[in-house]
1. Among the listed residues 7, 29, which satisfies the condition of being over 26 Å from residue 67 (Cβ atoms), more than 60 Å from the chain's Cα centre (by Cα) and in the same structural domain as residue 67 (by TED's automatic domain parsing)?
2. Inspect all residues belonging to segment 414-428 and state whether any of them is free of Cβ contacts under 8 Å to residues at least 60 places away in the same chain and outside any loop (DSSP other than H, G, I, E, B).
3. Report, ordered by the first and then the second residue, all pairs with beta carbons closer than 9 Å, sequence separation of six or more or different chains, a first member in segment 326-343 that is surrounded by 10 or more Cβ atoms within 10 Å (Cβ to Cβ), and a second member that is part of a loop (DSSP other than H, G, I, E, B).
4. Looking at this structure, is residue 195 free of Cβ contacts under 8 Å to residues at least 60 places away in the same chain and more than 26 Å from residue 141 (Cβ to Cβ)?
5. Using the structure shown, decide if residue 235 is surrounded by 10 or more Cβ atoms within 10 Å (Cβ to Cβ), at pLDDT 85 or above and either in contact with a strand residue (DSSP E or B) (Cβ under 9 Å, 6 or more places away or on another chain) or part of a loop (DSSP other than H, G, I, E, B) (or both).
6. From the list 394, 387, 358, pick out the single residue that is assigned to a loop (DSSP other than H, G, I, E, B), over 30 Å from residue 413 (Cβ atoms) and free of Cβ contacts under 8 Å to residues at least 24 places away in the same chain.
């Protein structure tokens, strides 16, 4: 029934408005509805009280079909200080969330609850988030957990403990750059559930016990999903087996217990392969072609076949190849061990080969004496600093400085066995320049030599000369008949002088300035 209002008329006693009977009837109807809703129709319940704008129900009061707030989001059920107790909902009841009722929590009778999003658009999943209110997450803190339990099991004890749980557990202190968390999967046997499997933040799956897959199932990686196939007592490997150490027998791992069954295409290991003392290695046709004794001696049952032009077993001596079986000029540069660019091979004090470190540009290989290999060193200085040397070139060589002292210019070099020095005053080109000679031309004076001034000398007589005889007589010889007669000696052998012209000219000064040098041989 709707609330009924009394019509009071326009003014007092104006004869308008409800009559007393009609007004009383409205009042009775209003109270009757209140007493029915808040009591038993005749008595109000004692569990109802009103204080200001708050109505308090302390016990069940009346029956409601729909209880609504005055407006959307306009009222709350309970408060932080006054909480409701139990809520009883009927089968298949639904709790709607959101202004559009987009999320529902529905009771499935005798089964459980169903959480659903009513959104039909693409990529609209239903998300259930478990959040912790902690403000400082440390290592091993549990962020959230779902537990499974049978608390009403009649046998009690272990039966009513948490039988399993899934938990998110931090792997370290959370920070602005870290929220590493693992998922822990726990189950119980006769205990509270404990971790049996975990998935780390890096994706590492750790299982506490055996991992069992179906017969014929496969295990692999992203690029080879069926690398391992497990059938009844047989493991098939589609690729290579690479191990860091097998501790069992390969036939037990890879086959059915026989050498023939334990075959793989390639076996690669970064560790060691050990066989029993006096064990053998072979092929299907010759199982003991290689035998290894307990002391490590290896015996071949067949003659090893080496590549052409190589060696055979007779040429091994104490584990090395004797030089007698290496032909001359057979070791080429290509067969030598690699080295560092620029190194030179020499020998140390023990006679062992040693590499001489690469030198620098301009260095020379220098002997360091017996007991150590030579080394690259800088070229030692050939002349001490300050040494003077004569060069036939205008500019000084590298490492030398030209002496430009004025006194040395246009001078001559003079060797000495004494103390070196300098001297002279006349420039070289001045002393030996072309110079004219002056003087007075003329003849010597005429001089008549006296007998005394003539050199002493004789005159030889001529050949016989016949002359006519005297008148009336015969001819006769004049002079010596043999032509050897001489005149008497004359002349005094004295000296004499010549008069004549005089000589004059420019004097030539040969006092050439010089720079002493010595001649020496380097030791």
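The values are calculated or read from the model by the stated rules, or taken from the named source; none is laboratory data. Keep in mind it's a predicted model, so treat the numbers as computed, not measured. Here the Cβ is made from the backbone with ideal geometry for all residues, glycine too, and neighbour counts use every protein chain on show.
1. On the way: 29 fails: over 26 Å from residue 67 (Cβ atoms).
Only one candidate passes the filter, namely 7.
2. Among the residues of segment 414-428, not one is free of Cβ contacts under 8 Å to residues at least 60 places away in the same chain and outside any loop (DSSP other than H, G, I, E, B), which makes the answer no.
3. Here the result reads 326/311; 342/357; 342/358; 342/359; 343/357; 343/358, each pair linking segment 326-343 to a residue that is part of a loop (DSSP other than H, G, I, E, B).
4. When the stated conditions are applied, residue 195 does not pass them.
5. no
6. 358
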